[in-house]
Amino acid sequence: MNSEYSCLVVEDSPMMRQLIVLALSRMKTIRVTEADDGVDGLRKLAAAKFDIVLTDINMPVMDGLKLVKRIRSDPMHKDTPIIVISTEGGREDMNRAMQLGANAYITKPFQAPQVIAKVKELLKIDT
Amino acid sequence: MTHRKGAGARHIEHPPKDTTADPRAQRAAFVHAFFKQGAEFANEIVQENDRLARDVARLQRELKSLRGSLSRDPSGAPPVPPEALEAEIERLSSAYVASFQLHATLEIEQVLRHIRETLMQLAGASAMAVYVADEQRTKLWPVVADGTDRALLEPISLDDASKSDPAIERVFLTGELFVSNAVLPEGSRVGDPSETPTGPVACIPIKLGNDVLGVIVVLALLEQKGAFSEVDMELFNLLSAHAGTALVSALFYRAAGGKAPSLAVLGDLPA
């Protein structure tokens with residue numbers, strides 16, 4: 001088991017980003033890198049390997065769905081677990097994200113334990 | 001924990017067969033070996049039992065100590081249930097982040113963005129607007145809208161009932177938060193909880209001290225958001241108390257040409 005996991009949080013809202021980072025900071029074994037849109041996320045992914053990616057959908061420059069597609073087409077990250085966090089609560093939005101390769105879908109507003117549980121599940125961290 | 005080979009699987013060692021020896025001597029040797037190994041086996045079980053009993057006693061001591069440290073409270077209050085602790089962490093995290101972001105900028109657009117995001121991202125609003133009062137305090141003008149077209153929002157005339165909204169007007173005049181009964185947190189609702197709100201779902205007064213400068217209006221909620229939570233109510237109170245200060249500070253900063261005054265003047269304040 002890794003002693004420390006790396007996580008990329010892609011979210012354009014500074015408020016949501018801070019809230020997600022704060023939630024993840026409750027897991028002592030996770031190191032978080034932040035990106036403020038899809039392109040910034042790709043830049044960070046090109047520079048390092050991450051154990052998990054959390055992304056919003058509605059973002060300027062490049063949205064979260066395009067980012068999921070790009071991650072899945074990159075051999076280096078094609079197996080990296082992706083959690084999509086979005087205000088879009090419709091089933092079709094969730095299906096679209098999952099079809100593109102997301103591993104989980106969380107709707108906003110979320111509660112920290114939801115995010116922590118999903119991250120632990122995808123990273124196979126025992127509680 | 002190390003796994004030991006089960007004592008029950010032990011194989012009895014037979015003495016080497018000596019066909020020349022007396023069969024009675026062979027039988028005696030076998031019985032001797034049998035009982036010797038039986039005694040060793042019993043001894044091992046006793047030792048294993050002792051070790052397990054010591055482990056159980058040690059774990060019970062540790063558990064007792066942990067329980068003691070968790071429930072110990074200097075005031076003698078009973079231990080806090082985990083769910084209540086989790087709810088408190090949630091409340092504090094949201095309030096901390098909303099307050100941090102609101103006061104982390106002096107740019108008016110950023111302050112308005114943070115007000116919008118507190119409602120849209122944290123509290124689950126799908127449409128909202130910010131109304132501010134004019135100098136005569138007779139009209140409230142929509143200055144920000146999200147999830148709805150601002151051009152479609154009419155100004156609210158406080159001196160003309162036909163161009164007013166009772167909930168928004170009341171909040172502006174009283175400075176009291178309004179949340180529609182249907183979307184109040186569970187346990188806070190009165191009357192029919194299934195009633196559909198007809199007007200705004202929430203109106204938050206923008207206060208600066210005792211003055212009300214405007215009203216933040218939540219017009220609709222996200223599909224997945226059934227009702228507000230206690231955390232949302234906390235966020236509304238926070239916005240009510242802090243949004244005005246953040247907006248006025250940002251306006252002063254803009255009026256000063258985006259330059260912060262020297263803090264040296266603080267030295268002139270009476271001690």
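The values are calculated or read from the model by the stated rules, or taken from the named source; none is laboratory data. All of these numbers come straight from a predicted model, not from anything done at the bench. Virtual Cβ from ideal backbone geometry, glycine too; neighbours counted across all protein chains shown. The protein model used for the area step is the full one, side chains on, heavy atoms only, and it has no ligands, DNA or RNA in it. Shrake-Rupley method; radii C 1.70, N 1.55, O 1.52, S 1.80 Å.
Structure summary
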quantity: Value of Rg to Rh for the stretch B:129-271 (Rh from inverse mean 1/r over Cα pairs, i.e. Kirkwood); calculated: 1.05
quantity: Out-of-range pairs (alpha-carbon distance over 26 Å; input A:44/A:120; A:108/B:139; A:108/B:163; B:139/B:207); calculated: A:108/B:139; A:108/B:163
quantity: Contact surface A-B: accessible area buried, both sides summed, square angstrom, 1.4 angstrom probe; calculated: 1700 Å²
quantity: Estimated inter-spin distance, residue B:160 and residue A:61, nm [label 7 Å along Cα→Cβ]; calculated: 4.6 nm
quantity: Mean shadow area of the protein assembly as shown, taken as a quarter of the surface of its Cα convex hull (nm²); calculated: 36.6 nm²
quantity: Test item: A:108-114 mean partner chain Cβ contacts at 10 Å; calculated: 6
quantity: Ranked by how many other beta carbons lie within 10 Å on average, peptides B:246-259, B:109-122 from highest; calculated: B:109-122, B:246-259
quantity: Net charge over other residues, Cβ less than 14 angstrom from the Cβ of residue B:93 (K, R count +1; D, E count -1); calculated: -3
quantity: Principal axis box of chain B, alpha-carbon based, largest edge first, Å; calculated: 124, 57, 37
quantity: Gyration tensor (Cα) of the stretch A:5-123, equivalent ellipsoid semi-axes in angstrom; calculated: 18, 17, 14
quantity: Test item: A:8-21 mean partner chain Cβ contacts at 10 Å; calculated: 4
quantity: Percent carbon-and-sulfur accessible area, the stretch A:5-123, ignoring ligands, DNA and RNA, probe 1.4 Å; calculated: 50 percent
quantity: Net length gained if the chain between residue B:34 and residue B:150 were fully extended (0.36 nm per residue, minus Cα distance); calculated: 32.3 nm
quantity: Rounded FRET efficiency, nearest 0.05, which uses the C-beta distance separating residue B:95 from residue B:69 and R0 of 25 Å; calculated: 0.35
quantity: 222 nm mean residue ellipticity, helices alone, for chain B (DSSP H n ≥ 4; -39,500 (n - 2.57); rounded to 500); calculated: -15000 deg cm²/dmol
quantity: Probe 1.4 Å, accessible area per residue of chain B, Å²; calculated: 65 Å²
quantity: Inter-chain shielding of B:88-97 (mean C-beta neighbours from other protein chains, 10 Å cut-off); calculated: 4
quantity: Residues residue B:264 and residue B:107, FRET efficiency given R0 of 25 Å [Cβ-Cβ distance, rounded to 0.05]; calculated: 0.55
quantity: The stretch B:57-161: Cα Rg divided by the 2.2 N^0.38 Å rule of thumb; calculated: 1.84
quantity: Those residues of the stretch A:84-127 whose amide nitrogen sits under 11 Å from the label point placed on residue A:69, 7 Å along Cα→Cβ; calculated: A:100
